[in-house]
Structure formats: structure tokens, C-alpha cells
Ligand SMILES: *Cc1c(COP(=O)(O)O)cnc(C)c1O
């Protein structure tokens, strides 16, 4: 029996193993160390930002940004309804009101609908949360213009978009701050990890301090504010540096995979030329056709997954307003994420293609 094919497993090997061993031998098993600083410098360069703060997850990165901006119950946060729940969890936990906005055919927040929502909003404090879904950057220019026009802060969740660009601007470069995720299934992974990207030195300093229990720089443990334990360990940062060394290869492979699927025929969620092609998404004619394809992949022991279920359809957000929503619902019901791992072999692809080509 051949082995199960996973959706987007980590792509790592000798380089990562060597980096971990070197970090271990350097006695920096303790959480802080030189690899964290190196990783942060590389991340800032990749995002075209002055500062990067490496943390324990993408969710932690968003939580720190929400804390630093002072998001609370007086705020309304505008987010695309089509996203992973982690995009909005930190704002939700701070008591912010959430307003969901429909997406375009690429799954990215739709600027005209966002403007409608901003126009109707009575809150004193507003925050627009852009999400670079499936590795395509949202329309940074349009979101910046809207945020400025309506007095809103702009934060961008680039968790899925490491290495992507739009109009010459890298993912992670837009908004007062943006985040990356290095979770196990993302484009590059540290097993678990994330980063805050920003040009604001005060926000970067505060996020880094909050991530380490907000300790004041004195001999004893002095705290003027209560922080978190969100720092990324030095060992994981070492893995991150090794992964960034492979980024070019990873992007080439993911983009090639997307083109391969396109050549097989059928409909797909469009990836922009600058997108990182994190996952390739097949679009089916109906929910039933999607389910049939899921069953066929299941029989072949191949992991696939429906598109994110929109936030306005989640029981926990039943009371939240949504502007539009039909496009997100259609993508959810008819979209299927296909295996997109960097390490997929020719044989793996043969098995996947067989399922797709045998589809009725
Ligand atoms: C993965 C992901 C996150 C959260 O990142 P973690 O590192 O898993 O906490 C946030 N937003 C989006 C859109 C994601 O895909």
C-alpha cells in the first residue's frame, strides 16, 4: 500500500536538522539567543519592514498587535468573512465588534463592500483587517486608501502569504503592522511560530516587551503592564532561518504545482503572478460534485480540505453583521484545497492526477 499524501506537510531536512544541532550546541536552548535576532533581521528584509518581532505563533502576533493598538469594546473590526478563525480571534477576545465583509473571486476582501461597511459604522475606533488568503495579497493600495478615508487602522494578516508580492510590495509590508505564521502547514515553518512586521519602532519595542512578560529593564522583576509569554524559542528560530534559505525553491515548486493542476483542466481559484500558491484550490460545479471528489481522494488515501468556512456561517459569530457573503459561501461550498506540498514527488502527482482525471 502506498503512503498517505498530505495537503501541505512541512518541507524540511538536513539543513534544518543541522541548524537545530548548531543552536543546541551553542548552548542557546534557552529561549532567547542569536538565532532569534538573525531570523528577525531576515524576516524584516523579506517583508521590506524596519522591524520584525518573532513570536510563538501567528495568532500570538495578531494578539500583540491588537494589544498595542488598544483594541477593546469601543472598536469595530472589519474582516473578510472568508478566512481562518485565527484572523479574528484576538480582536474577538478583546471585546471588539466584528463586521464581516464578502470577498472577490480570489477570496480577498472586496473593497467596495468594505467601504459600505465603513460608511455605515458608528464606532469611534475602527480597524480594517486585510487577509492575504491562500497566498494572494489583498489590494493593499485600496485598503490603505479606505482606512485613511474612514479613520481606521489597517492591519494585514499575511500568515499564508510569506514570499508573495503585489504591485512590487511584499506580503507583510502593508498596514501599521502585519503578521506571518510559521505553523506546520504554512509556506515556511518553525513547527509553530509567527512574527509581527512593522515600521513603527515603538510598536515593535512594545510587542517584543509584551511577548516576554513585559519586564522592565531593572535588576528585579518589575512590571508596569501585564504581558504574555509569546517569544519564539531560539531553537525554532534556527529552523526558521534554514527554511528561509529554501524559500526560493519552495515558491518555485508551489507555483509549478499550480500550473500543473491548471494544465489538467477544470476550474481553479486564480493565483496572481506574485502569489506564493500556498494551496491550489479546485472549484467544482456544485457542493455535491465537491463531496464526490472528496470521497474519491479519500479512497486514494490523499488528504484534501474544503475552503475555509466563512466566519458569518460559524455558530460562534451568528450575531455579527455581514456585508454580502454570497461569494464566500460559493467558494466554501464548491472549493477544494488540493495537495500542494513542496515535497510532492512525481509518483505522488500521478496518484493525484488519476483521481482528478477520473472525475465525472
Ligand atoms: C495559519 C493562520 C493564522 C494563524 O497562525 P498560527 O501560527 O497557526 O497561529 C492566522 N491567519 C490565517 C489566515 C492563517 O492561515
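As a calculated quantity, the FRET efficiency between residue 213 and residue 45 at R0 = 25 Å, using C-beta atoms, amounts to about 0.35.
Applying D = kT/(6 pi eta Rh) to the chain, where Rh is the Kirkwood radius over alpha-carbon pairs, T corresponds to 25 °C and eta to 0.890 mPa s, the Stokes-Einstein value obtained is 117 µm²/s. Counted by neighbouring Cβ atoms within 10 Å, the residues 225, 115 run from fewest to most as 225, 115. Between residue 74 and residue 15, the FRET efficiency from the beta-carbon distance, with R0 = 45 Å, is close to 0.40. So between residue 221 and residue 149, what do we pick up on full extension, going 0.36 nm a residue minus the alpha carbon distance? So the chain would gain 21.6 nm between residue 221 and residue 149. Each residue, residue 229 and residue 292, gets one label point 7 Å from its Cα in the Cβ direction; the gap between the two is 5.3 nm.
Full extension of the chain segment joining residue 112 with residue 330 gains 76.6 nm, where the gain is 0.36 nm per residue of separation less the Cα-Cα distance. Taking 17 Å as the cut-off, the amide N atoms of region 223-262 that come nearer than this to a point 7 Å along the Cα-to-beta-carbon line of residue 191 belong to 230-244.
For residue 202 and residue 270, a Förster radius of 56 Å and the Cβ-Cβ distance give a FRET efficiency of 0.90, rounded to the nearest 0.05. Rounded to the nearest Å, what's the spacing between the alpha carbon centres of region 118-153 and region 38-96? Just the number, please. Here the answer is 14 Å between Cα centres.
Quick one: grab the alpha carbon gyration tensor of region 317-360, order the square roots of its eigenvalues as a ≥ b ≥ c, and give me rounded if a/c is under 1.5, else prolate or oblate depending on whether a/b is larger than b/c.
Here region 317-360 falls in the prolate category.
Ranked by how many other Cβ atoms sit within 10 Å of their own Cβ, fewest first, the residues 223, 312 fall in the order 223, 312.
Taking 7 Å steps out from each Cα toward its Cβ at residue 303 and residue 350 produces label points 2.3 nm apart. The distance from the alpha carbon centre of region 194-255 to that of region 280-323 is 33 Å, rounded to a whole number. Segment residue 167..residue 93, full-extension length gain: 23.3 nm, with 0.36 nm per residue of separation and the alpha-carbon distance subtracted.
Just so you know, all these numbers are worked out from the coordinates, no wet-lab data involved. This structure is a prediction, so every number in the text was calculated from the model and none was measured. A quick note on method: Cβ atoms are made from the backbone with ideal geometry, for glycine too, and the neighbour counts reach across all protein chains shown.
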